[in-house]
1. Give Lys198/Lys237; Lys142/Lys237; Lys133/Lys237; Lys40/Lys142 a once-over and call out the pairs whose C-alpha atoms are over 32 Å from each other.
2. Take peptides 212-221, 143-152 and line them up by average Cβ neighbours within 10 Å, highest first, as a rough protection proxy.
3. Compute the distance in nm between two label points, each set 7 Å from the Cα along the Cα-to-Cβ direction, one at Ser128 and one at Phe41.
Amino acid sequence: MPLRLIFLLLIVSGCRFQPVNMVNGGLVLIDSSLPADKAKFYHADEHTTGYPIYYMGPVADTIVLPSRPLSPYRKSADEAFDGDVPRAPADSAHLRIVVDTAFPLSGGIRYARFGCSKKAQATAVLDSIVYYKAVPVFLYNKGVGVFNIGKFGALNHIIMQARNESGNWQDVVRPPDYYCGTGASEQVLKAGEVAIAKLFLMDGDYTTTCRLKFRLWKDSVYSNVFPFVIDRRQLKKAL
């Protein structure tokens, strides 16, 4: 199989908007996406998945998710957060994580392979665009400092845990590894703001309960426990 790059990109289908959820005391979330019933289940690739971030900003009565996730690459207009900016500790008093599986979203992944141009330069050649079913992940910064929550436009401190057949929590899905971060955007969540990412629903054969673990340095924050389906083989391989 040719080496592939995965770009996370939500594609707008016309101008259709569909209200998909009511969360956190009446927040209306509207997704600008392909209808979820037309999307596929995600097939986990080597126990990794992406959590593309679609919104970072104030908590509002209504939030419309844009047609694309946040840019994976740094822009000149991006706000800089130097060492003088206070950092919030990663604990449940400062960060709240909520996964809501009750309502459907979808997200698109662009699959590309490396090809060589006439000038012998490596370029990404688009193979296909596949839409996957997804659910929202909310991260609320309840502190006065900031959190570094992502890189390349996706969450990068999140591990999914599942209850195995013995009833114990087991790490089953980790974020992708990045071998080079040159030019990468960094997602920094400010005090009082919320980030909304997407978690792809998997094509699996083992129904269980899961939770997300946000780990930064020695601190960890856990999401709510939610029903989920994984591939049973994910329980056989230690991360």
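Just so it is clear, none of the values below were taken in a lab; they were calculated from the coordinates. None of these values were measured; they are calculated from a predicted model. Because the Cβ atoms are built from the backbone with ideal geometry, glycine has one as well, and the counts that use them run over all protein chains shown.
1. Table pairs above 32 Å Cα-Cα are Lys142/Lys237; Lys40/Lys142.
2. For the peptides 212-221, 143-152, the packing ranking is 143-152, 212-221.
3. 1.7
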